[in-house]
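Colleague: This is the structure, below, for whatever I ask next.
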Amino acid sequence: MRVGKPIKALPQPLCDDCGEKAVLSRASDEAYPYHDDHGPVWICVACQAWIGVHSRSTRNVPLGRLANAALRDAKGRLHDALEPLVAGKMRRDSVNAFEARAKAIRWVATELGFDPLPVTIHALTLDECERALRYIDAYMAARRAPSGNDQNQT
Ligand SMILES: [Zn+2]
């Protein structure tokens, strides 16, 4: 019975673009941004910015900041750019993809001096995503460049 039980305040996120409170939307709602059911999302309909919730969260805790189209695109590109590093980390440290991705994000964020350090890619702003992408680009280019050191350091 839930009668009389105080309901915890929802961690209702704000839209970074307009500052309005996001609303929780489910697959059956008109405002829901996906055709298929990807679980509940916090959405600012006016800005078409949204973020999913932690899958095991009973309080619909948002995964990160609301993402508009530009940020969603940047996160997708950053995710792809990190995958080779993630794969390497999984092999070397025998960790799962989830852990390896978290470590990869922390590594880039530390290198770039982000404060606070993001826990996931979903915490990043558009500017931070773009900076991270440039950093990884340069890092990968440096790794590919012949350095005269072929000692296969892994
Ligand atoms: Zn908004």
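No value in this document is a laboratory result; all are computed from the given coordinates. Since the structure is predicted, the reported quantities are computational estimates derived from the model, not experimental observations. With ideal geometry, Cβ positions are generated from the backbone for all residues, glycine too; neighbour counts draw on all protein chains shown.
Colleague: Tell me which residues come under 5 Å, amide H to amide H, from Glu20 once H is placed; ignore anything under 5 positions away on its chain.
Modeller: Cys15
Colleague: Neighbour counts of other C-beta atoms within 10 Å: give me Leu126, Leu78 arranged from fewest to most.
Modeller: Leu126, Leu78
Colleague: What FRET efficiency, computed as 1/(1 + (r/R0)^6) with R0 = 22 Å and r the Cβ-Cβ distance, is obtained for Thr58 and Glu99, rounded to the nearest 0.05?
Modeller: 0.40
Colleague: Counting only C-alpha contacts under 8 Å and six or more residues apart, can you give the relative contact order of the chain as a whole percent?
Modeller: Relative contact order comes out at 16 percent.
Colleague: Could you work out how far apart the two model spin labels at Asp115 and Gln12 are, taking each label as a point 7 Å from the Cα in the direction of the beta carbon, and quote it in nm?
Modeller: Result for the modelled spin labels: 3.2 nm.
Colleague: Hey, another quick one. Using a basic spin-label model with each label point 7 Å from the Cα along Cα→Cβ, how many nm lie between Glu130 and Gln48?
Modeller: 2.0
Colleague: Among the aspartates and glutamates, which fall within straight-line cross-link reach of Lys89, defined as a Cα-Cα distance under 13 Å, with same-chain neighbours fewer than 8 residues apart omitted?
Modeller: List returned: Glu99.
Colleague: Now a separate question. Kindly provide log₁₀ I(q)/I(0) values, in the same order as q = 0.14 Å⁻¹, from the Debye equation applied to equal alpha-carbon scatterers of the chain.
Modeller: These q points yield log10 I(q)/I(0) values of -0.80.
Colleague: Here is a further query. Work out from phi, with θ = phi - 60° and the Karplus expression 6.51 cos²θ - 1.76 cosθ + 1.60, the ³J(HN,Hα) of each residue of the range 18-24, listed in order in whole Hz, and give x for Gly and Pro.
Modeller: 10, x, 6, 6, 6, 10, 7
Colleague: Something else about it: Apply the Debye scattering formula to the range 7-66, with a single equal point scatterer on each alpha-carbon and no solvent, then give log10 I(q)/I(0) at q = 0.29 Å⁻¹.
Modeller: Reported log10 I(q)/I(0), two decimals: -1.29.
Colleague: Run the quick spin-label model on His79 and Glu20: label points 7 Å from Cα toward the beta carbon, then report their separation in nm to one decimal.
Modeller: About 2.6 nm separates the two model spin labels.
Colleague: Here's something else I'd like to know. Where does helix 97-112 land angle-wise versus the long Cα axis of the chain, in degrees 0 to 90, nearest 10?
Modeller: 70
Colleague: Here is a further query. How do Tyr34, Tyr135 line up, fewest other C-beta atoms within 10 Å first?
Modeller: Tyr34, Tyr135
Colleague: Just the projected area, averaged over all directions, of the convex hull on the alpha carbon atoms of the range 69-144: how many nm²?
Modeller: Mean projected area of the Cα convex hull: 4.8 nm².
Colleague: Using a 10 angstrom cutoff on alpha carbons, build the Gaussian network for the chain and name the most mobile of Ala31, Ala104, Ala141.
Modeller: The residue with the greatest mean-square fluctuation here is Ala141.
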